[in-house]
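Derivation of every value follows stated rules applied to the coordinates shown; laboratory data play no part. Source: prediction; values computed, not measured. Here the Cβ positions follow ideal geometry from the backbone for every residue, glycine too, while neighbour counts run over all protein chains shown.
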Amino acid sequence: MSTTMNSPRAPVRHKGILSRLTHRWGTILLLWLVVSAPALYLISRFVEPRFEAFSLLRIEPVQRDLFAPAHQDMVEIKTVTPYLQTQAALIACDRVLGDAIANPEIVRLTAIKQLDDPKNELRKAISVEILQDAFLIRVALELPDGNQAASIVNAVAQSYLAYNNEFQRSANSQLRASLVQQKDKLQNEVKETQAQLK
């Protein structure tokens, strides 16, 4: 029976590599500065910083049928996708953007003043997207001035909410009229039934 003996391995010379890097650290740092300083200067000189402002709007479909069962308020996202798409389109419609731009605080911003056709150019610049599996629409705008971007996004969101509230009031008045009509109809039926019973 023979046994073989492994010869011990030579230790890896990590200390030598580390000591060389340590001695040359100044040279490496200087080389990095020589390469990166001009690149950083060119970036800061010629690349304009941009800031994105955004707002999340909660959009939930409203139950329109007063006589529908109460359990119908739970809706699936797939069934309301057309409704969400409609609301997203309304955010970028002429009425909403026109009202937002007409706001006295917005009309004097340089980001708006320098545009030839503010409404259409804002429509192209603004991002309106429906968040997946949520009743949320994200409205965003990217500009060199973050404060102006935030002001414009807030104005668009406020304009949309005002427009939507106006539509809701109109729809509610129609619902009230429908309810009164339904009540009158039921009262007439009751009177006819009472007359027949006499």
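How many nm is it between the label spots at N120 and R138, if each spot is 7 Å from the Cα in line with the beta carbon?
Roughly 2.9 nm, to one decimal.
Taking 22 Å as R0, compute the FRET efficiency from the Cβ-Cβ separation of K113 and L56 and round it to 0.05.
Values: r = 28 Å, r/R0 = 1.27.
Efficiency, rounded to the nearest 0.05: 0.20.
When the Karplus curve 6.51 cos²θ - 1.76 cosθ + 1.60 is applied with θ = phi - 60°, which whole-Hz ³J(HN,Hα) does each residue of region 87-96 get, with x for Gly and Pro?
For region 87-96, the Karplus curve yields 5, 5, 5, 5, 4, 9, 7, 4, 4, 5 Hz.
Give, in nm to one decimal, the length gained when the segment between T81 and R95 is fully stretched (0.36 nm per residue of separation minus the Cα-Cα distance). Don't skip to the end; give the middle numbers.
Working: separation 14, 0.36 × 14 = 5.04 nm, distance 2.24 nm.
Full extension of this stretch gives 2.8 nm more.
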